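*Asks:* Attaching a single structure in structure tokens format; questions to follow.
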């Protein structure tokens, strides 16, 4: 099962947070949002199909995330959790930790935004750049 979310770049993307990656439906981004890799996302946690939400809540569900920007692709893995809330209307956050809030999509991820290749970050600092965030669940 796959679900794709489209997003755009922004001049303030830094992508240097060591514990999370975030995409947001918001169009504005300050320099404090150092985990955000994309704005103007087409979906948030609340917008995910119920079938995806149900699978994400199965303990230990293995999730593959792909972030594509131009010819570049960044792949990481995370886990589902039965306590996921998945109700935030603007954001999606994937985390290396076990922290859960309405914005959390997955926990125990193997990578965070600081590992996004700098070539991708440079592209994402251009507001005209488009990206695709793919959620794949076995």
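The values are calculated or read from the model by the stated rules, or taken from the named source; none is laboratory data. Bear in mind the structure is a predicted one, so any value in this text is a computation, not a measurement. All Cβ positions, glycine included, derive from the backbone under ideal geometry; neighbour counts span all protein chains shown.
*Asks:* Give the range 6-16 a look and list any residue that's touching a helix residue (DSSP H, G or I) at 6+ places or on another chain (Cβ under 9 Å), farther than 19 Å from residue 66 by Cβ and surrounded by 16 or more Cβ atoms within 10 Å (Cβ to Cβ), or say none.
*Replies:* 10, 14
*Asks:* Quick one: which residue in 50, 125 is surrounded by fewer than 16 Cβ atoms within 10 Å (Cβ to Cβ), over 18 Å from residue 8 (Cβ atoms), at pLDDT 95 or above and more than 15 Å from the chain's Cα centre (by Cα)?
*Replies:* It is 50.
*Asks:* Please enumerate the residues belonging to the range 14-36 that are assigned to a loop (DSSP other than H, G, I, E, B), in contact (Cβ under 8 Å) with a residue 60 or more places away in the chain and closer than 16 Å to residue 124 by Cα.
*Replies:* Matches in the range 14-36: 14, 15, 16, 17, 25, 26, 34, 35.
*Asks:* Evaluate the following for residue 114: is it part of a helix (DSSP H, G or I), under 15 Å from residue 15 (Cα atoms) and more than 12 Å from the chain's Cα centre (by Cα)?
*Replies:* yes
*Asks:* Here is a check on your reading of the model: is residue 86 surrounded by 15 or more Cβ atoms within 10 Å (Cβ to Cβ), assigned to a loop (DSSP other than H, G, I, E, B), touching a helix residue (DSSP H, G or I) at 6+ places or on another chain (Cβ under 9 Å) and touching a residue at least 12 places away in the same chain (Cβ under 8 Å)?
*Replies:* The answer is yes for residue 86.
*Asks:* From the list 80, 38, 60, which residue is over 23 Å from residue 16 (Cβ atoms) and surrounded by 17 or more Cβ atoms within 10 Å (Cβ to Cβ)?
*Replies:* 80
*Asks:* Out of all the residues in the range 37-77, which are without any contact (Cβ under 8 Å) to a residue 60 or more places away in the chain and part of a strand (DSSP E or B)?
*Replies:* Of everything in the range 37-77, those that are without any contact (Cβ under 8 Å) to a residue 60 or more places away in the chain and part of a strand (DSSP E or B) turn out to be 39, 72, 73, 74, 75, 76, 77.
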